[in-house]
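Notes follow the structure.
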Amino acid sequence: MKNIVLGLSIAAIASACATTTSPTGRTQRVGAVSQQQLNQLGAQAFAQAKAKMPQSSNAGQTAYVRCVVNAITRQLPANAQANWETALFVDASPNAFALPGGKVGINTGIFTVAKNQDQLATVIAHEIGHVVSRHHDERVTQQTGTQAGLGILGALVGSAYGQGAANATSQLGGLAAQGLLLAPNNRTQESEADVVGQQLMANAGFNPQQAVNLWENMIAASGSRQTTWLSTHPDPRARIAELSNRAGALAPAYQQARASGRTPNCG
Ligand SMILES: [Zn+2]
């Protein structure tokens, strides 16, 4: 009986899918879960990450990361600006992620490749670019027909209707949410996050040309270190060419941001 109820609820959720247009103009299928449920998934995945990994006690580095996140999120539409939460994890692997519901996670290892605030902004704006381009929504919607999608929707529906032990559901939901939300993006989504992220950083007053330097550093580091971000972000050379081309086109937006007083001084 429970399975039938769940099945019906999932069918009802899945039927809410819609198509929309992404920031770069492609057609997206989204909406298998509501924005509220997606934010809940993001919060669960973030809580799980915080339970697993120690956070930095370095006040200077934490403030530095928050400063960059704040400068970038101030450039988002008003409804996407509020309450971004940042965690700086003690982990030598250069990695970062952002989640629906306004969550950003950064590993301390990122400082080995992001050597100034503009390079750090490149990474953070790219990750926030995935969120504002609704790539998590797109992936959840795509996966509703799969085992993982059913599991996560089941957990969500279960918690929404108070079935079963809340803790067990939330634990399951957290793990499933991590698997679903932190999976690698596809190439189309990667390119889109590059475009959206570089525009965001220019609007925030970070030098969009430094995106090229960030990727050069990432490639240089890949020989000697474990570079998680590089493993989920393929084709660095192709990216560099495109980021370099667009940096010129973004120079006016960058200069206008600086002239308007958007001159972040994060460290
Ligand atoms: Zn990405």
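At an R0 of 51 angstrom, the distance between the Cβ atoms of GLU216 and GLN36 translates into a FRET efficiency of 0.80.
Within the shell defined by Cβ-Cβ distances under 15 Å, the residues around LYS52 carry a net charge of +1, with Lys and Arg each +1 and Asp and Glu each -1. Scalar couplings 3J(HN,Hα) for the stretch 112-122, obtained by applying the Karplus form with A = 6.51, B = -1.76, C = 1.60 to θ = phi - 60°, are 6, 10, 8, 8, 8, 5, 5, 6, 5, 4, 4 Hz; x denotes Gly and Pro. Taking each residue as 0.36 nm, the span from GLU242 to ASN70 lengthens on full extension beyond its C-alpha to C-alpha distance by 59.3 nm. Under a 5 Å amide H cut-off, with hydrogens placed 1.01 Å from N, PHE89 pairs with SER56, ILE106, ASN107, THR108 among residues at least 5 apart or on other chains.
If we sort 32-40, 48-56, 93-101 on the protection proxy, mean other Cβ atoms within 10 Å, highest first, what's the order?
93-101, 32-40, 48-56
Model label points for ASN83 and ALA51, set 7 angstrom from Cα along the Cα-to-Cβ axis, are 2.1 nm apart.
By the equivalent-ellipsoid construction on the alpha carbon gyration tensor, the stretch 31-82 comes out with semi-axes of 24, 20, 5 Å, ordered largest to smallest.
Taking each residue as 0.36 nm, the span from ASN186 to ALA92 lengthens on full extension beyond its C-alpha to C-alpha distance by 31.3 nm. Each listed q (0.25, 0.26 Å⁻¹) maps to a log10 I(q)/I(0) for the stretch 186-267, found by the Debye formula over equal Cα scatterers with no solvent: -1.17, -1.21.
Bear in mind these aren't lab numbers, they're just calculated from the coordinates by the rules spelled out. What you see is a predicted model, and the numbers here were worked out from it, not measured in a lab. For neighbour counting, all protein chains shown are included, and Cβ atoms are generated from backbone atoms with ideal geometry for every residue, glycine included.
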